[in-house]
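Let me begin by presenting the structure, written as C-alpha cells, before commenting on it.
Every number here is computed from the coordinates shown, using simple stated rules; none is lab data. Values in this document were obtained by computation on a predicted structure and should not be read as measured data. Note: ideal-geometry Cβ built from the backbone for every residue, glycine included; neighbour counts use all protein chains shown.
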Amino acid sequence: PLTIYRKDYTPPTYRVDTVEMGFDLDPDLTRVATRLTMRRNPDSRNKSLVLFGDSLELVQLRMNGKEVGKRGYTLTNGVLEIHNAPEQVTLEIETATHPNQNTSLMGLYTSNGNFFTQCEAEGFRKITFFPDRPDVMAKYTVMLRADKSRYPVLLSNGNLVEEGDLGDGRHYAVWEDPFKKPSYLFALVAGQLVCQEEKYKLQSGREVLLQVWVEEGNLDKTQHAMDSLENSIRWDVERFGLELDLDRFMIVAVGDFNMGAMENKGLNIFNTKYVLANPRIATDTDYAGIESVVGHEYFHNWTGNRVTCRDWFQLSLKEGLTVFRDQEFSADLIGTESGRAVKRIEDVRVLRQAQFPEDAGPMAHPVRPDSYVEINNFYTVTIYEKGSEVVRMYQTLLGRDGFRKGMDLYFQRHDGQAVTCDDFRAAMADANDRDLSQFELWYSQAGTPHIKADMQYDAGIRTYSITLTQSCPPTPEHAKKQSFHIPVAVGLLDRNGRDMPLTLEGQDNADNGSAQTTLVLELKEQSQTFVFTSVAEPPVPSILRNFSAPVVLDVEYADAELAFLMANDSDAFNRWEAGQRLAMRRMLALSAAVQGDHALSNAQLDEGALGNAFRATLRDTTLDPAFCELALTLPSETVVAEQMDVIDPHAIHAVRVFLRRALASTLKVDWLVAYQSNRTPGTYSPDPVSTGKRGLKNLALSYVLEIDDADAHRLAQNQYDNANNMTDRIAALSVLVNSTAPGRDAALAHFFEEFEHEALVIDKWFSLQAMARNTDVATVRELMKHPAFTLKNPNRARSLIFSFCNGNPAQFHAVDGSGYEFWADQVIALNAINPQVAARLARTMDRWRKYAPALQEKMRAALLRVASAGALSKDVLEVVTKSLA
Ligand code: HT7
Ligand code: ZN
C-alpha cells in the first residue's frame, strides 16, 4: 500500500467556500446531493481539481451547471480529478451509500436503527466526493430528510434554521453552521432519541442551549455528562479565556463507536461508555472517564476546531494539546494538592503502561510522524499522551503565565486557520521571547529518552553537583538522536526530610524573596553538571519532580533512600515513584529467582524493605486514601515487562501474585483496618474524597482475598450482596472470580441476569472474566459463543478479546501458542468487519521480539498467518508489516 510522507505536503489546488448538502436518509440506500462553491488556489495554476471518495456510488457530477461526462474526469483508487476546471467552480455531486451495510463505523452508518456519522480522519469521503483534507475549511448548510415516525430527531452541526413536514410521512430539518470547518468535523444524527437539555448562562451573559441526546430509557443516566459539560464550559473561560462560540451545544450517545468520542462542531458524538452513568451501572472510573472525555471533546472546540491541523501529520497539535487541557481540567476540578498529584500519577501510569512500550517497538513514531500508510493507525498514545507531555513541558519551562501568553498569541495569530506544530511552538517562543528551536526535537524524534543522574557532595565547599546525561535508544526511522531540551525539576531533602532552599551556581534564583525548593534544570547538552551551593549537609535528591519530562530516569538509590523519599518527599509524585522503584526492584529480583528455578519465600519480601514501606503507608492516617491506593498498588505486569531485556510473562505474573499474597498475609490486620475505615456509607457520590476511599477500601479487599479463606470469601460476598453502587459491586465480583469462594459462579450468573439489558455493564461482565487469572484461551472461545457476544460492536469486542489479549498476559502467552492462534483468528475476523478495530488488536503482538525464542517463534507464525490472509485492509497490513519488519 501507498505510504504518505509529510515532506510531500502541497496546499489544496482549490479552496471550498460553501458546502450545501441534502440527505435523503434511508438505511438501505441514502442519497446525498452536494453543492460546492470552489475557487482555484492562486498558487496552483494548471493543476486539476481533486476530490476524494471511498465506497461511493457516483450518481451524477455537474460543474457550473453542466454535466461532467466520463471524459471530463478520471476516478482512480478513490481520487476523482477534474482536469481543466475554471477558476470559479460550482460542483454538484450526487452520491449514494448503504448505511446498513457499513460495519466500519466510518462515514454514514446505522446503530440500533439510528443514523450516525464519523468523519475523522477520512470518513467524509464515504459520504460524498470532496477535497477531504483538514486544510480545506468551508461553511456548511445541511438539509436532512427522513421518515418522521422512524426518525423524529434530525441533527447536524450549528443552528437549526428551518424544519417542517414534507408530506408522505417524511419531514426535514435545515442546519447551518456559522463557522467554517474542515470536513472531518461534519456530523449528522437522525433517529429516535430523547434529550436532557438546559439553558446555560455564559460568563459574558449570553445564554446557550446544552443538550445530551440518548436512546429512550437512558435519561436517568445523563446528569453527570451534563454537569461535566457545564464544568468544562466554565473552566475554559477561567483558565484560558475561551468562551463557547455557539448558541447550541449537543452531545449524542451511540452504542456502536470506534473510539471514545468525536468533537464534531456543536454536535459531539460519544461512545455511550463516555456519557451514560448512574450509581447502579457506572464505576468511579467511569464517572472520571466521562468527565475527562466530555471535557476533552468540548475543549477541542478551540484547540482543533477553531484552530485546526494543516495535515494529519500535525494531529498532535490538536490531540496532545487537548489531552493536556483535559488533564488540567480534571486536576483543577479535584482542587486539592494531593488530588492534583493523584491525577498526575494516574496520567503517568498510562504513559508508562502504553506509550513507553509503543516508543520502544516497531510502531514507534515521533509526536509529529513523517509518514503513514493508514492515518487511523496514528491515533496513538504517542500522539495523544506523549503529545500532552510535550505540551506540559512548555508550561514547565515557561510557567503557567508564560504558557497562557503563548496560548493567547496562538489564537490571536491562527483563529480560523489550519496550522502546524511549528506554529504552536513559535507562538510559545514569541510570546515569551524564548528560543525554543531545540525543543522541536520532541516533535521529530521518536523514542523515550533516558537520563542518568550522578551526584557528588563536596563537604569542604558545601556544594552538591548533579550530572545529568541523556541518551535515546534507536527507533525505526532514526538510529542516532540529537540531544533533547529537557526540563528536569529537582529538589533536595535534608536529613529530616525537609526541602532545602536551593541556590544554583551561576544563577540568581532568589528573585522573589523566598528561596525556591524546586528548581527546573534545563538539560540541553548530552551531559551537563548543575552545581548547588551552600548545601550544608549531604542531601537526598528528588529528581524529575511531578514527572517534569517523559523520560526514564536512572538513579542509583539505596533501598533506605527510597524508603526515606517515600516517607518524606514534599513532591507527592516522587513519593509515589520511590515506592514504585522499591517494588520494581523486588519484582525484578524475584523474577530472576523464578527463572533460576528458585522457590519464592516470604523472607524475600522483607529483605527489600517493601513490607515495611507498605506498612508505614497503610498506617499513616494523614495520607489521602486516593494516594495510598496508588502507593500500595504494585507496578503492573506490563510495566515490569518493559524493564526486562527478555520478557517472561509467566515469571512476572508468578512474582506479582506471590508478592500480593505475601503482602496480604504480612499486613492482614492493616488491610482489614483500611477496609473498615474507608467505607462510604450512605448515598453514593462520585466526589474525589469518596472515590479515594472506595479505591483504597477495594484495594484492601483485593489484598485480603489473596488469602482466599472463608473469612475473605465472606467479606467479598457480603460486599457483593449489599453494594449500592457499581464500584463496590464489580470490585467484589472481580475478587470473587479470582478466588475459590463457593459463591463465585452464582455471583457471576446473578450479575448477568441483573444487568442483562445494560450493554455497558455486560461489557464489564465479559471483561472481568477475560482478565481473570484462571481464564484460558478455551474459556474465552467459549465466552464468544455466549448469545450476548458479538464482534460487530467495538465495545463488546474490546471487552472480551482485547481484555484477554492485552489484560491477561500470563494466559495469553500460553506456551503452546494457543493465545496467538486465537489472536490471529480474531484479527482476521475483525478485519472483514471493522479494519480500525482489527488494526488496534493487531498492535497486541508488535513487541514479539522482546519475548523468549520459543514464544517469539509462535508469535511470528501467527503474525505471518495474518499477513498472508486475503483481503487485508491497509490498517491491518500496515501494523503487521511493520511488526514483522
Ligand atoms: N478526534 C477524535 C479522534 C477520532 C475518532 C473518533 C471516533 C471514531 C473514529 C475516530 N478517529 C479519530 C477523538 C478525539 O480525540 O477527541
Ligand atoms: Zn481529541
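So the values come out like this:
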read-out: Cα-based shape type of the stretch 237-339, given that a ≥ b ≥ c are square roots of the gyration tensor eigenvalues and the cut on a/c is 1.5; value: oblate
read-out: Average Cα contact separation per residue, the chain, under 8 Å, 6 or more apart, as relative contact order %; value: 8 percent
read-out: Within the chain, percent of DSSP bridges classed antiparallel, to nearest 5; value: 80 percent
read-out: Spin-label pair residue 708/residue 685, simplified geometry with 7 Å Cα→Cβ offset, distance in nm; value: 4.0 nm
read-out: Stretchable slack from residue 216 to residue 170, in nm (0.36 nm times residue separation minus alpha-carbon distance); value: 14.4 nm
read-out: Calculated from backbone phi, Karplus (6.51, -1.76, 1.60) coupling profile of the stretch 484-489 in Hz, x at Gly/Pro; value: 7, 9, 10, x, 10, 7
read-out: The chain: C-alpha gyration tensor shape, a/c 1.5 cut-off, then a/b vs b/c; value: prolate
read-out: Using a Förster distance of 45 Å, the FRET efficiency for residue 597-residue 422 (Cβ separation, nearest 0.05); value: 0.25
read-out: Environment charge at residue 469 (Cβ cut-off 15 Å; Lys +1, Arg +1, Asp -1, Glu -1); value: -2
read-out: Compactness of the stretch 572-884, expressed as Rg and Dmax over alpha-carbon positions, Å; value: 20.6, 61
read-out: Crossing angle, helix 223-240 versus the chain [Cα axis fit, 0-90 degrees, rounded to tens]; value: 80 degrees
read-out: Relative contact order of the stretch 1-142, pairs being alpha-carbon contacts under 8 Å that are 6 or more residues apart, as %; value: 31 percent
read-out: Reach of residue 139 by Cα under 12 Å, taken over aspartates and glutamates that are not fewer than 8 positions away in the same chain; value: 17, 20, 176, 177
read-out: Residue (of 655, 733, 671) at the positive-pole extreme of the stretch 572-884, dipole from beta-carbon charges; value: 655
read-out: Those residues of the stretch 700-714 whose amide nitrogen sits under 18 Å from the label point placed on residue 615, 7 Å along Cα→Cβ; value: 704
read-out: Which of 807, 98, 350, positive extreme of dipole for the chain (C-beta unit charges); value: 98
read-out: Over 31 Å between alpha carbons, listed pairs 66/181; 7/70; 452/858; 7/452; 343/882; value: 7/70; 452/858; 7/452; 343/882
read-out: Modelled FRET efficiency - R0 60 Å, residue 745 with residue 234, Cβ distances, 0.05 increments; value: 0.80
read-out: Whether the stretch 308-444 is rounded, prolate or oblate, judged on the alpha carbon gyration tensor where a/c under 1.5 counts as rounded; value: oblate
read-out: Contour excess over end-to-end distance, with Cα ends at residue 479 and residue 505 and 0.36 nm allotted per residue; value: 5.8 nm
read-out: Calculated FRET efficiency for the pair residue 860/residue 677, C-beta based, R₀ 45 Å, to 0.05; value: 0.30
read-out: Full-stretch length increase - residue 467, residue 160 - with 0.36 nm per residue and alpha-carbon distance subtracted; value: 104.3 nm
read-out: Computed [θ] at 222 nm, deg cm²/dmol, the chain (DSSP H ≥ 4; -39,500 (n - 2.57); rounded to nearest 500); value: -12000 deg cm²/dmol
read-out: Anchor residue 405: lysines whose Cα lies under 21 Å away (excluding residues fewer than 8 positions away in-chain); value: 318
read-out: Simple Cβ-charge dipole of the chain, Lys/Arg +1 and Asp/Glu -1, about Cα centre, in debye nearest 20; value: 1180 debye
read-out: Distance between modelled label sites at residue 665 and residue 62, nm, 7 Å Cα→Cβ extension; value: 8.3 nm
read-out: Ranked list, fewest to most other Cβ atoms within 10 Å of each Cβ, for 805, 195, 472; value: 195, 472, 805
read-out: Packing rank of 250-262, 453-465, 46-58, where each peptide gets the mean count of other beta carbons within 10 Å, highest leading; value: 250-262, 46-58, 453-465
read-out: Ordering of 95-108, 59-72 by burial proxy (mean other Cβ atoms within 10 Å per residue, highest first); value: 95-108, 59-72
read-out: Which listed pairs, of 697/764; 273/850; 148/764, have C-alpha distances above 32 Å, in listed order; value: 273/850; 148/764
read-out: Computed label-point distance, nm, for sites residue 74 and residue 43 using a 7 Å Cα→Cβ extension; value: 2.4 nm
